[in-house]
Amino acid sequence: MRTARATAAAVTAVIGAGAAAVAAGRFASDAALRMPPGRPLPTEPRLTVHSTAAGRVSLTRDLAALRPGRYGLAGDGFHAVVGPVRDDTVHSADTVVRSLECVTHGTLEPGDRAWFTPNLYVGDPRTALGLDHTDLDIPGELGSLPAWFVPAARDTWVIAVHGIGTTREHTMNLMEVLHRHRFPVLAPAHRGDPGAPRSPDGLHHLGETEWRDLDAAMHHAVRAGARQVVLYGWSTGATMALRAAARSDVRAHVAGLVLDSPVLDWEATLRALAAAGRTPGVLLPLAVRAAQGRTGLYGDRSPGAVHLDRVAVPTQIFHGPDDTVAPWRFSRRLAADHPNTITLHTVADAPHAAMWNADPQAYEEALRRFLTPLM
């Protein structure tokens, strides 16, 4: 009897521990699979606004606050645009002073908590950039997908798709330069975005199912007269672009790819986001397994998966070593394996999906050189 009771207790303990491990894995995987659009990634530190004055803002001294370039500064109820660090202003040792270009909405007050975002603009192309556009509803696999279309003269369209943690407002960072070069721009939402249908399981699949919404946008572009398209993706939007270029029924119309901070290894990205969310290292393998079980994510190891070593169209990658969400080494490897089709523009001191923010001038020149043969 004692042996039976001891065995039962041991089995109960094992089952309990197993259930706890499963629950912990699910919780850890939520760091990537339930990332709300437009909210900061867990890798992005919260900063305190110490003071504001004409044309400048003082923030908590942090490596993030010292980044070069231009960023959105967002918080609960406000958004502003900040420029470079100012060395001409007296400040305390624990603060950083940056140029304050504008406050888009709300107010910045001392004590407010804020974070950097690659989104410089809010609103839509007309209100944010003064660009005429049309609001579209594109039929998608799960329902209607809202999209912006900015017309221009060329018959090569750029389809711009954002990634994890952002919304289609992110695509407006490059709309002006694309419009200047007379490329029509289509910026669709995808499943899980505001105004778009949710995934059936309510989870983000890191581009592995979301690419079908980009496919719907490609079909719309071809029906509307696009002779060819350039797929421009950030983060998991870049993953979507790679998948669509390989799988879409209209992939013959794809003339090129522009990939900013591409997520080329979903396990590495999930681990990074879970770790940034303070998941203990011992639970990270459980987070990966939980994500596989919840979403069917198996990447290029599954039968019939798209292999990233078969990139057949001209491709421009923007990426750098300071991306802690999508490791840069995968982009370097991909570019090294395809020297005839892939160009890698390396950007230093830039966080995930913010390669343009760190050095807009150099980024836009590299983009111009890539697009010139398509003009």
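Miscellaneous remarks
- Residues that are touching a Gly at 6+ places or on another chain (Cβ under 6 Å), in a strand (DSSP E or B) and buried (at least 18 other Cβ atoms within 10 Å of the Cβ), drawn from segment 332-375: none
- Pick from segment 150-165, criterion buried (at least 23 other Cβ atoms within 10 Å of the Cβ) and at pLDDT 95 or above, ranking: farthest from Pro118 (Cα to Cα): Trp157
- When the criteria are applied in full, Arg56 fails the requirement of being farther than 13 Å from Val97 by Cα, open to solvent by 50 Å² or more (accessible area, probe 1.4 Å) and in contact (Cβ under 8 Å) with a residue 24 or more places away in the chain.
- Evaluation of Arg243 against the conditions (1) of a type in the set (Lys, Arg); (2) within 26 Å of Gly130 (Cα to Cα); (3) in contact (Cβ under 8 Å) with a residue 40 or more places away in the chain shows that the sole unmet condition is (2).
- Set Ala241, Ala245: member being over 23 Å from Asp124 (Cα atoms) and in a helix (DSSP H, G or I): Ala245
- Residues being surrounded by fewer than 22 Cβ atoms within 10 Å (Cβ to Cβ) and either of a type in the set (Val, Ile, Thr) or under 30 Å from Trp157 (Cβ atoms) (or both) - total across segment 257-293: 3
- The residues of segment 351-368 that are of a type in the set (Gly, Ala, Ser) and within 13 Å of the chain's Cα centre (by Cα), listed by number, are Ala353, Ala354.
- Looking only at residues in segment 79-123 that are closer than 10 Å to Ser58 by Cα and among the small types (Gly, Ala, Ser), the one that is least open to solvent (accessible area, probe 1.4 Å) is Ser99.
- Cross-chain or 6+ apart pairs with Cβ under 7 Å, segment 176-190 first and touching a residue at least 12 places away in the same chain (Cβ under 8 Å) and within 15 Å of Trp157 (Cβ to Cβ), then acidic (Asp, Glu) and crowded, with 24+ Cβ neighbours inside 10 Å: Pro188/Asp213
- Filter result for Leu136 (over 25 Å from Asp359 (Cα atoms) and open to solvent by less than 20 Å² (accessible area, probe 1.4 Å)): no
- Pairs linking a residue in segment 270-285 that is more than 14 Å from His352 (Cβ to Cβ) to a residue that is open to solvent by less than 50 Å² (accessible area, probe 1.4 Å) and outside any helix (DSSP H, G or I), with Cβ atoms under 7 Å and 6 or more positions apart or on different chains, are Gly277/Pro42.
The values are calculated or read from the model by the stated rules, or taken from the named source; none is laboratory data. Worth saying up front: this structure is predicted, and the values here are computed from it rather than measured. Cβ atoms come from the backbone with ideal geometry, glycine included; neighbour counts cover every protein chain shown. Accessible surface is based on the protein model in full, side chains and every heavy atom, while ligands, DNA and RNA are left aside. Shrake-Rupley method; radii C 1.70, N 1.55, O 1.52, S 1.80 Å.
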